[in-house]
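The values are calculated or read from the model by the stated rules, or taken from the named source; none is laboratory data. From a predicted model like this one, the values you see are computed outputs, not experimental measurements. Cβ coordinates were reconstructed from backbone atoms using ideal geometry, including for glycine residues, and neighbour counts include every protein chain displayed.
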Amino acid sequence: MLLVTTVKKERRKQLPDNYFELPIKEKLYFIRSDIPAITHLDYSARVQTVHKETNYKYYQLIKAFKELTGYSVIINTSFNVRGEPIVCTPDDAYKCFMRTEMDHLVMDNYVFNKEDQPEWVEEKDWQEEYELD
C-alpha cells in the first residue's frame, strides 16, 4: 500500500526559522532528516509497506538492511538516468549501474559491487545519446 505520511519528529533535522518562506530551490539544499532521500520539502514522505506474506524476499532484504543500518527504509524508485528510458533488461540495469555513481546493483539473487567490476569503457559520451526533457 502506498501512503503519504509525515517523517517522525525525532528523525527531523533543525531547519532555519525562515525555511518555509524560502523559495523552493533554496529549500532543496537543506537536509531535512536523517533519511534525506525520502524526506520531501514539507517533511512528508511517500511510503510503501511490504509484508512478509506477500513479498518474502523483499521483506527479508529490508529486515537485513535494518539490522545493518538501523533503518527499515529502502528507496524504491524508477531505474533510469534523467532523459533516458526506464531500465527494462538486465543489460540495461548493468549499463546504467556502470555509467552512474551507484555503488551496488542487486538483481534477483546477485549483488554487484562497483569496485569489483571491470573498468567500463565507452567509445562515445553516453550522456549525449538522449536529449534531456
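Annotation note: Cβ proximity below 6 Å between a residue of region 79-104 that is over 18 Å from E122 (Cα atoms) and a residue that is of a type in the set (S, T, Y) (sequence gap 6+ or interchain) occurs for G83/Y130; I86/S78. As a summary of the residue check, E53 satisfies the conditions (1) in a helix (DSSP H, G or I); (2) modelled with pLDDT of 95 or more except for the one numbered (1).
Only one of the numbered conditions (1) touching a helix residue (DSSP H, G or I) at 6+ places or on another chain (Cβ under 9 Å); (2) over 30 Å from I24 (Cβ atoms); (3) part of a loop (DSSP other than H, G, I, E, B); (4) not β-branched (V, I, T) is violated by M98, and that is (3). Screening V50 on (1) in contact with a Pro (Cβ under 7 Å, 6 or more places away or on another chain); (2) surrounded by 15 or more Cβ atoms within 10 Å (Cβ to Cβ); (3) not polar (S, T, N, Q) shows it passes everything except condition (1). Are any of the residues in region 69-84 within 28 Å of H40 (Cα to Cα) and not in a loop (DSSP other than H, G, I, E, B)? Looking through region 69-84, at least one residue is within 28 Å of H40 (Cα to Cα) and not in a loop (DSSP other than H, G, I, E, B).
Taking residues in region 64-77 that are in contact (Cβ under 8 Å) with a residue 12 or more places away in the chain, and partners anywhere that are surrounded by 13 or more Cβ atoms within 10 Å (Cβ to Cβ) and of a type in the set (G, A, S), the pairs with Cβ atoms closer than 9 Å and at least 6 places apart or on different chains are V73/A45. Residues that are part of a loop (DSSP other than H, G, I, E, B) and hydrophobic (A, V, I, L, M, F, W, C) were ranked within region 103-125; the one that is nearest to the chain's Cα centre (by Cα) is W120.
One residue stands out among those in region 3-45 that are free of Cβ contacts under 8 Å to residues at least 24 places away in the same chain, part of a loop (DSSP other than H, G, I, E, B) and of a type in the set (F, W, Y): the one that is farthest from S72 (Cα to Cα), which is Y29.
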